[in-house]
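The values are calculated or read from the model by the stated rules, or taken from the named source; none is laboratory data. Quick caveat: nothing in here was measured; it's all calculated off a predicted structure. Backbone-built Cβ (ideal geometry, glycine too); neighbour counts: all protein chains shown.
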Amino acid sequence: MLQVQGLTRRFGEKTAVDAVSFDVPSGKMTGFVGANGAGKTTTMRMIMGVLTAQSGEVLLDGRPVTAGDRSSFGYMPEERGLYPKQPILDQLVYLGQLHRMTQGDARSRAQELLERFQLGDRGKDKLESLSLGNQQRVQIAASLLHRPSVLILDEPFSGLDPVAVDSMVDLLREHTEQGVPILFSSHQLDLVDRLCDNLVVLQKGRLVTSGTGDELRAAAPRRHRITVSPDAGWVREEPGVTVIDVAGQDAVVELADDDAAQRLLTNALARGPVHEFSRIRPSLSEIYRGVSQ
Ligand code: ATP
């Protein structure tokens, strides 16, 4: 498991990341979300050691992460680092060798990854001759090349078409199945919902919430949907009930506690047929929206 503990980074007067702590569990995909400028990239740079933290530390399996550990991490930085004028395969092989792979292993792994991204026949092409989405696929291949022990990916899905997203998701799942902790930032909340076991939310440099989907759902407001005949308007008057939305027979409400839920149901049954009364299980993106208001 990777653990971030109290990481802080200031730029002049501005505190970009303020005592941020969270876990990235092994074998799990952790989504890192927050508005532009929230501090995600700065945090990832500190995890990778490309930016020094003014305080706090990063732990791997309970002990401070070393340069040696970091050399086995896979990192996809925000400013993509490959050379536009170099042939793709040569660059990947070179990067693999920097990670102490043999030339032969690096070449076969690079070719395998390019094929996974439908770029198997483009290895001799210069990076700049590829579309932006395909350049992005090569960047992803670069971060996965050396079979990393930890993956830190800054906006890995931006600019990818749906087929490339699916290939990327398959590849990442293969890594989590082998126990690799993955932290990825994204503004695409549908992908966060689809992929994440864990969520970390930053706002203006501070941690707003973090945890597994189940932990975050347990802490989220308890919302219920109720559908009654002939009309649900009366729920507005119920004690312990905050109405989120009422339209005709349907209402979405937030309930103070279990008693309020039982009272609401009893009163609804006394008024007529109840067609639905169910707890709404919030998605991770709804939880994010809820805590970011
Ligand atoms: P985005 O979603 O837009 O990529 P982010 O959450 O990754 O945003 P950061 O890039 O970490 O946010 O930026 C956090 C804050 O720190 C911003 O206000 C940014 O302007 C500031 N910042 C980041 N790097 C530097 C730097 N090298 N010098 C000065 N300020 C910086």
Which one is farthest from the ligand (Cβ to nearest atom), of the residues in region 1-43 that are assigned to a loop (DSSP other than H, G, I, E, B) and crowded, with 16+ Cβ neighbours inside 10 Å?
Ser26
Residues that are among the hydroxyl-bearing types (Ser, Thr, Tyr) and not in a loop (DSSP other than H, G, I, E, B), drawn from region 123-139
Ser129
If Asn267 satisfies every condition in (1) of a type outside the set (Ser, Thr, Tyr); (2) at pLDDT below 90; (3) touching a Phe, Trp or Tyr at 6+ places or on another chain (Cβ under 9 Å) but one, which is the exception?
(2)
Inside region 50-85, can you point out the residues that are within 16 Å of the ligand (Cβ to nearest atom), within 24 Å of Val138 (Cβ to Cβ) and crowded, with 16+ Cβ neighbours inside 10 Å?
Tyr75, Met76, Pro77, Arg80
Taking interchain pairs and intrachain pairs at least six residues apart, which have beta carbon atoms under 6 angstrom, with the first residue in region 192-209 and among the charged types (D, E, K, R) and the second surrounded by fewer than 20 Cβ atoms within 10 Å (Cβ to Cβ)?
Asp193/Ser283; Asp193/Ser285; Asp197/Lys28; Arg206/Asp18
How many residues are within 11 Å of the chain's Cα centre (by Cα), surrounded by fewer than 17 Cβ atoms within 10 Å (Cβ to Cβ) and part of a loop (DSSP other than H, G, I, E, B) if we restrict to region 174-191?
1
Sort out which residues of region 230-278 are hydroxyl-bearing (Ser, Thr, Tyr) and within 24 Å of Ala218 (Cα to Cα), and write them in order of number.
Thr242, Ser278
Can you pull out every residue in region 192-206 that is crowded, with 20+ Cβ neighbours inside 10 Å and under 14 Å from the mean Cα position of the chain (by Cα)?
Val192, Leu195, Cys196, Asn198, Leu199, Val200, Val201, Leu202
Kindly indicate whether Ala16 is over 30 Å from Asp125 (Cα atoms) and either in contact (Cβ under 8 Å) with a residue 24 or more places away in the chain or not assigned by TED's automatic domain parsing to the domain that holds Ala142 (or both).
yes
Just wondering, is there one or more residues in region 240-250 that are under 27 Å from Ala35 (Cα atoms), of a type in the set (Val, Ile, Thr) and in the same structural domain as Phe117 (by TED's automatic domain parsing)?
no
Sole residue being outside any strand (DSSP E or B) and closer than 16 Å to Leu284 by Cα, chosen from Arg217, Arg236
Arg217
Of the residues in region 178-194, those that are of a type outside the set (A, V, I, L, M, F, W, C), touching a strand residue (DSSP E or B) at 6+ places or on another chain (Cβ under 7 Å) and within 16 Å of the ligand (Cβ to nearest atom) come to Ser185, Ser186
Regarding region 238-246, can at least one residue be identified that is under 17 Å from the mean Cα position of the chain (by Cα) and either loosely packed, with under 15 Cβ neighbours inside 10 Å or touching a residue at least 40 places away in the same chain (Cβ under 8 Å) (or both)?
no
List the pairs whose first member sits in region 153-173 and is assigned by TED's automatic domain parsing to the domain that holds Ile47 and in contact (Cβ under 8 Å) with a residue 60 or more places away in the chain, whose second member is away from the ligand (no atom under 14 Å from the Cβ) and in a helix (DSSP H, G or I), and whose Cβ atoms are under 7 Å apart, counting only residues at least 6 apart or on separate chains?
Leu153/Ser143; Pro156/Ile140; Pro156/Met168
Between a residue in region 270-288 that is loosely packed, with under 12 Cβ neighbours inside 10 Å and any residue that is part of a helix (DSSP H, G or I), which pairs come within a Cβ distance under 7 Å, given they are 6 or more apart or on different chains?
Arg281/Arg217
Out of the residues in region 195-214 that are under 15 Å from Val24 (Cβ atoms) and part of a loop (DSSP other than H, G, I, E, B), which is nearest to the ligand (Cβ to nearest atom)?
Cys196
If Ile88 satisfies all but one of (1) over 25 Å from Val169 (Cα atoms); (2) β-branched (Val, Ile, Thr); (3) surrounded by 19 or more Cβ atoms within 10 Å (Cβ to Cβ), what's the number of the condition it fails?
(1)
Scan (1) in the same structural domain as Glu112 (by TED's automatic domain parsing); (2) part of a loop (DSSP other than H, G, I, E, B) for the single condition Asp231 breaks and write down its number.
(1)
